[in-house]
Amino acid sequence: MRSSDLSPEQFRSYPPQAKRLALANLALLRRVPDVVAALLLQEMINYDWQFPAERQALDGQFAYLNTLDAGDFDRLLSGFDQLRSPRQIRHLNWVATPNVYMEDLAAQLWATGEFERFTALADRYVSAVRAARPAPPPPVPRLGIAIIGGGVTAYDGPLFEKARPYGTLFTNVNPEHGSAALVDAVAARAEAHPAPYAHWYIEGGLPADTPSGVSCLAYGSLTAPRSALLRKMDATVKSGGAGPEALRTLMAQMQPADIGIDFAGDAILNHFALAVLTLGSGTQIYSTTFVQWAARESLRRAQPWTVLLRFTPRQRQESLDELLSPSPHPELDPQGSLVDADMGAYYTWLNQQRLPGADQSAFLVWFEGHRRALAIGPSMARGTESPSPCNIKQLLKILTE
């Protein structure tokens, strides 16, 4: 099947909003090369479960393509129609399963030596769309917060080494009521700047009371879904003859209800939690990996204005059989988790810096229950150290003023 053969009937299985978007842009989808059509459908098929920022970006992409004259349109998409697509790939029902089509095509492009060319074409296309339709800056400077080291009573090793050149290290922070102060700060921002999925609290254990207007995802609250997913993974691996492709297919076809994910009818958050557990490597097992991956994906997809992360001790590494059949009381590794979380906080800051308004954004990482914290932002001197006494609330004020 070619993109020029697309018909309204082929979108009957799409969710309602995705179907409307496809039909409204059917003429455009028929004009673009097959690969580009599949890429657009890969985003579109999940439209009903996308965050507002994702929908805005996809809507803008279609608007941009529809404004191009014939010459600019052909120049932007030139090269995609020259990629060699084997007959068995073209015959896939790629309208119903565009993600499977793209994965199979990627494998074929690697085999034919064309993947690098495809990447260059895709980069050129994305750059053109972003230049024409740049994402707007947030109405308030972004604030990222990471709490690391819970459960560690003493640690004299280096912390924040990767991020220290970009901010101020505070060495005399009063830790009393620090976590509560950070949750209160997120609540205040959500109240002052309300918007769907604009403020997040991602927790490695069980969450504190989630403030109104804040999206919450907690590793500890997903125990039953994680266990259900691990059982399905274990059964697939042990079924005999089932390789990575079978596991990939299982994950791709899964729905939130299949493993008991239910955030009070919030379909977008349900599907986001499912994606974190099925697309992330180790998110089902390690709390630190869960928090880091959820932070990465929330920043990439929702582009929130506020993100609060709290890393908690993960279990020690075990054999694959033990990991797929976890103990209800696993042995924890607080110090190893601190090292993981320190790096996870750094990666979260890097991901925050990729978003619009990065030059005004602020980031705070605090060693929970201790006196060390690192603050990065326009008001913070780079590569410096401050022994001045302060508490978490005062430090946040200095960082965001």
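Considering only residues in the range 203-220 that are assigned to a loop (DSSP other than H, G, I, E, B) and hydroxyl-bearing (Ser, Thr, Tyr), the one that is nearest to the chain's Cα centre (by Cα) turns out to be Tyr219.
Out of curiosity, is Ala63 of a type in the set (A, V, I, L, M), assigned to a helix (DSSP H, G or I) and buried (at least 17 other Cβ atoms within 10 Å of the Cβ)? Criteria not met by Ala63. Once the range 129-151 is narrowed to residues that are in contact (Cβ under 8 Å) with a residue 60 or more places away in the chain and more than 20 Å from Leu308 (Cα to Cα), the residue that is least open to solvent (accessible area, probe 1.4 Å) is Val129. Scanning the range 1-35 for residues that are farther than 13 Å from Leu58 by Cα and in contact (Cβ under 8 Å) with a residue 40 or more places away in the chain returns Met1, Arg2, Leu6, Gln10, Phe11, Ser13, Arg31, Val32, Pro33, Asp34, Val35.
Can you find a residue that is polar (S, T, N, Q) and assigned to a helix (DSSP H, G or I) anywhere in the range 21-40? Checked the range 21-40: no residue is polar (S, T, N, Q) and assigned to a helix (DSSP H, G or I).
For every residue, the table says whether it meets (1) in a helix (DSSP H, G or I); (2) at pLDDT 95 or above; (3) closer than 17 Å to Leu395 by Cα.
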{"site": "Gly157", "(1), (2), (3)": "no, no, no"}
{"site": "Lys162", "(1), (2), (3)": "no, yes, no"}
{"site": "Ala190", "(1), (2), (3)": "yes, yes, no"}
{"site": "Pro196", "(1), (2), (3)": "no, yes, no"}
{"site": "Tyr201", "(1), (2), (3)": "no, yes, no"}
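Scanning the range 162-177 for residues that are of a type in the set (Gly, Ala, Ser) and either in contact with an Asp or Glu (Cβ under 7 Å, 6 or more places away or on another chain) or open to solvent by 20 Å² or more (accessible area, probe 1.4 Å) (or both) yields a count of 0.
Candidates are the residues of the range 342-360 that are surrounded by 22 or more Cβ atoms within 10 Å (Cβ to Cβ) and of a type in the set (Gly, Ala, Ser); the one that is nearest to Leu308 (Cα to Cα) is Ala345.
The values are calculated or read from the model by the stated rules, or taken from the named source; none is laboratory data. From a predicted model like this one, the values you see are computed outputs, not experimental measurements. Neighbour counts are summed over all protein chains in view; Cβ atoms, including those assigned to glycine, are modelled from backbone coordinates with ideal geometry. The area values use the complete protein model at the heavy-atom level, side chains included, leaving out ligands, DNA and RNA. Shrake-Rupley method; radii C 1.70, N 1.55, O 1.52, S 1.80 Å.
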